[in-house]
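First comes the structure, then the notes that go with it.
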Amino acid sequence: MAITPELIKRVTAQLYERSLRRIPADAMTALKSADKTESSETARHTLRIMIKSAEEAEIGGHFVCSDSGVPVYFVRVGTQAQFSGNVRQAITEGFDELVATIQPPLLPHVTNPLTNERGYSGEGMPIVTFDMEDGSDCMDITCSPKALGSGRWAALEIFSFPDLRTIEKYVLDVVARAGSQPCPPVVIGVGIGGTFDYAAKMAKEATLRPIGSHHAEALVADMEKRLLAGVNMMGFGPMGTGGDSTASAVHINYAAGHGFTPVAVAFNCWINRRTRARIYNDGRVEIVE
């Protein structure tokens, strides 16, 4: 058997729609945990409004945020996966069909960067990153729409043989410049090393890691803890109302490279939009989150 374009269209469209109407379970848990530990009364009140808003959106099938962003997919293709048609085309057609049918309608956020013309289609849209996974017989798809608040403040700089202090200072500087614009409590992804493009990819993928998880290497896990503490000492708080809850997590990915070391920083807003599913050769669809 083989994975059909029709199934890819349906699943990718559903992942995008689901990401707009609910927040992930770990994001909800993080908000409720912050409500218990937050020292600012105003911040606690803000957190409760956010929690209530997310709950009402899921119950009523509403969008959690009016900025639906643009569709972004991370796809891992198993080396044993088989397809009966075009994969990239199927994802594009799935988005087109969703635009035509979804209620309430999506706002036209897809923007031509050269003319600023806005609509629902454009060069390279949806944005899809493909990777291979040895030994797998499925297509593993994560949808994480990028909206203005979280997408605008991503940054990257290249250093020569930086030490950990230099890297951590840069990350904190990026967060300080962003302030409350990414709609905190945020999840911060950091990509270190590799090349210019790969560092950005690692940072984006780091935002997808479950809140509460830590890097397997102690050195990196300690960096994550220090950075999270440093970010939350900045006092921006939920939606900029002040307090201790500027970030729910800081996640780091790294790769070996040359002496030049790119450091990329990316954000997911408090909604932490991500949905994920696996499609197997036999037609099974497994919802991961």
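Values quoted throughout were computed directly from the atomic coordinates according to the rules given, and no laboratory measurement underlies them. Just so it is clear, the structure is predicted and the values come from calculations on it, not from any experiment. Positions of Cβ are generated from backbone atoms using ideal geometry, with glycine treated the same way; all protein chains shown enter the neighbour counts.
Beta bridges from DSSP with both residues in region 148-268: antiparallel share about 60 percent, rounded to the nearest 5.
What are the semi-axes of the equivalent ellipsoid of region 148-268, taken as the square roots of 5 times the eigenvalues of the Cα gyration tensor, listed largest first and rounded to whole Å?
That gives 22, 14, 13 Å for the three semi-axes.
Computed from backbone phi, the HN-Hα couplings of region 203-218 come to 5, 5, 5, 5, 5, 7, 5, x, 5, x, 7, 9, 4, 5, 8, 4 Hz, rounded to whole numbers (Karplus: 6.51 cos²θ - 1.76 cosθ + 1.60, θ = phi - 60°; Gly and Pro given as x).
A cut-off under 14 angstrom between Cβ atoms defines the neighbours of residue 241, and their net charge, with Lys, Arg +1 and Asp, Glu -1, is -2. Are any of the pairs 146/204; 9/201; 9/52; 36/169; 36/146; 169/225 more than 22 Å apart by Cα-Cα distance, and if so, which? Pairs exceeding 22 Å: 9/201; 9/52; 36/169; 36/146. Listed values for region 108-115 are Karplus-derived 3J(HN,Hα) couplings in whole Hz (6.51 cos²θ - 1.76 cosθ + 1.60, θ = phi - 60°), namely x, 8, 5, 10, 6, x, 9, 10, and x replaces Gly and Pro. Taking Cα centre as origin and charging only the Cβ of basic (Lys, Arg, +1) and acidic (Asp, Glu, -1) residues, the dipole magnitude of region 148-268 rounds to 200 debye. Annotation: amide H-H contacts under 5 Å for residue 244 (H modelled 1.01 Å from N, sequence separation of 5 or more, or interchain): 39, 40. Simple rule: put +1 on each Lys or Arg Cβ and -1 on each Asp or Glu Cβ in the chain, find the dipole, and look at 77, 190, 45; the Cα lying farthest toward the positive end is 45.
Amide H contacts for residue 110 (H built 1.01 Å from N in the peptide plane; partners 5 or more residues away or on another chain; cut-off under 5 Å): 119.
Quick one: in region 71-216, what % of C-alpha pairs are over 27 Å apart? Every Cα pair in region 71-216 considered, those over 27 Å come to 36 percent.
Across region 108-167, Cα-Cα pairs more than 15 Å apart make up 72 percent of the total.
Could you tell me whether region 1-136 comes out rounded, prolate or oblate from its Cα gyration tensor? Rule is a ≥ b ≥ c as square roots of the eigenvalues, rounded for a/c under 1.5, then prolate if a/b exceeds b/c, otherwise oblate. Here region 1-136 falls in the prolate category.
Residue order for 107, 7, fewest other beta carbons within 10 angstrom first, comes to 107, 7. Its Cα centre serving as origin, the chain has a Cβ charge dipole (Lys and Arg +1, Asp and Glu -1) of approximately 500 debye.
Debye-formula intensities of region 202-289, expressed as log10 I(q)/I(0) at q = 0.12, 0.18, 0.26 Å⁻¹, are -0.50, -0.91, -1.34 (one equal scatterer per alpha-carbon, no solvent).
Suppose only helical runs count, i.e. DSSP H with n ≥ 4. What mean residue ellipticity at 222 nm does that imply for the chain under -39500 (n - 2.57) per run, divided by all residues and rounded to the nearest 500 deg cm²/dmol?
Calculated mean residue ellipticity at 222 nm is -12000 deg cm²/dmol.
I need the shape label for the chain. Rule: rounded when a/c is under 1.5, else prolate if a/b > b/c, else oblate, with a, b, c from the alpha carbon gyration tensor. The shape class here is oblate.
Listed values for region 58-71 are Karplus-derived 3J(HN,Hα) couplings in whole Hz (6.51 cos²θ - 1.76 cosθ + 1.60, θ = phi - 60°), namely 5, 5, x, x, 8, 6, 5, 9, 5, 7, 6, x, 10, x, and x replaces Gly and Pro. Remark on residue 128: its backbone amide H falls under 5 Å from those of 73, a criterion applied only to residues 5 or more positions apart or on other chains, H modelled at 1.01 Å from N.
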